[in-house]
1. Residue 61 fails exactly one of the following numbered conditions: (1) modelled with pLDDT under 90; (2) assigned to a strand (DSSP E or B). What is the number of that condition?
2. Only one residue in 124, 83, 108, 56 is in the same structural domain as residue 163 (by TED's automatic domain parsing), closer than 20 Å to residue 176 by Cα and acidic (Asp, Glu). Which one?
3. Condition (residue is without any contact (Cβ under 8 Å) to a residue 40 or more places away in the chain, surrounded by fewer than 18 Cβ atoms within 10 Å (Cβ to Cβ) and more than 14 Å from residue 83 (Cβ to Cβ)) applied to the stretch 137-160: is it met by at least one residue?
4. If you check 50, 70, which single one turns out to be hydrophobic (A, V, I, L, M, F, W, C), at pLDDT below 95 and buried (at least 18 other Cβ atoms within 10 Å of the Cβ)?
5. When you check residue 99 against the structure, is it part of a helix (DSSP H, G or I) and assigned by TED's automatic domain parsing to the domain that holds residue 189, yes or no?
6. Looking at (1) part of a loop (DSSP other than H, G, I, E, B); (2) under 12 Å from the mean Cα position of the chain (by Cα), which is the one condition that is false for residue 180?
7. I'm told residue 178 meets every condition in (1) of a type outside the set (Lys, Arg); (2) modelled with pLDDT under 90; (3) farther than 20 Å from residue 24 by Cβ except one. Can you identify the failing condition by its number?
Amino acid sequence: MKNKIEIKNLTKHYGGFTFDNVSFSVPRGSVVGLIGENGAGKSTIIKSLLGVINTDGGEILFDGVPLGRLGKNQRQLTGVVLDDVSLPSAVNLRELNTVMKNMFSRWDEQTFFALTERFRLPRDKKTGEFSKGMKMKTAIAAALSHGAETLILDEPTSGLDPVARDEILDILYDFMQNSGHAVLISSHITSDLEKLCDYVVFIHGGKVAVSGEKDALLEEYAVYGGNISDLDPAAVVRVRRRNYGADALVKRSMIPPSFGTEKTTLEDIMLFFVKGEKL
């Protein structure tokens, strides 16, 4: 099976908001980044994948098996880390290891303690006394210690200092050395995604606005700060107007080299789609 996760025509209605026919996949051996502004629908995707909410249409497959047909052992092949990390507050890491051993049939305490040691987490301190960064590291260590082949991560580096973020990215790099693994990571920190991801899915207004191979997307688009009226309108994707002028997100291949453009980032692409307008 080529794809670890497939989302097909996912639809969910929330009052005046519709999550409309969203489709994308997470290929085996890849990291897929999920980006978008608050309220765009990223959390809806994560909750749908976890079976926390019921959808109004569409299909979710893990290794080709529909979500509703996954058995306990199949579900344990997915590790989950959420932004609002929830750990038993009255236990230390030794006790947490015992709890997890009873929950997961493939729990590997050697891996768990190796990872918590790598993260320099104290074994005898109650997790309720941990900082947010320490709790996130604990959750990631746990997700990687029960034989998971797929990781679903919701803002795993949010609110962490650069050193802690880099440590987490290193762990994810190591996880992806196995070509049978895959990661879906939702994050507002697009610079982390640029370092880590193979593919990007940008959700805007409940729809997939842009998706594709990360490097190809960054090559396809560019930022132009000159006179927009000089451009072929077909080359202009979005325009951001400011007090001092305007910038445009353009298709690089349609801009003459003499015009001069700047390299784009994932953050640029997101901002142009959210705050910009069509020409």
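The values are calculated or read from the model by the stated rules, or taken from the named source; none is laboratory data. It should be emphasised that the depicted structure is a prediction, and the values quoted were computed from it without experimental measurement. Heads up, the Cβs are rebuilt from the backbone with ideal geometry, glycines too, and the neighbour counts pull from every protein chain shown.
1. (1)
2. 108
3. Looking for residues that are without any contact (Cβ under 8 Å) to a residue 40 or more places away in the chain, surrounded by fewer than 18 Cβ atoms within 10 Å (Cβ to Cβ) and more than 14 Å from residue 83 (Cβ to Cβ), one finds none in the stretch 137-160, hence no.
4. 70
5. Judged against the criteria, residue 99 is a match.
6. Just one mismatch for residue 180, condition (2).
7. The one condition residue 178 does not meet is (2).
For every residue, the table says whether it meets (1) touching a Leu at 6+ places or on another chain (Cβ under 6 Å); (2) in the same structural domain as residue 34 (by TED's automatic domain parsing); (3) under 26 Å from residue 18 (Cα atoms).
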position: 210; (1), (2), (3): no, no, yes
position: 228; (1), (2), (3): no, no, no
position: 233; (1), (2), (3): yes, no, no
position: 238; (1), (2), (3): yes, no, yes
position: 241; (1), (2), (3): no, no, no
position: 247; (1), (2), (3): no, no, no
position: 261; (1), (2), (3): no, no, no
position: 267; (1), (2), (3): no, no, yes
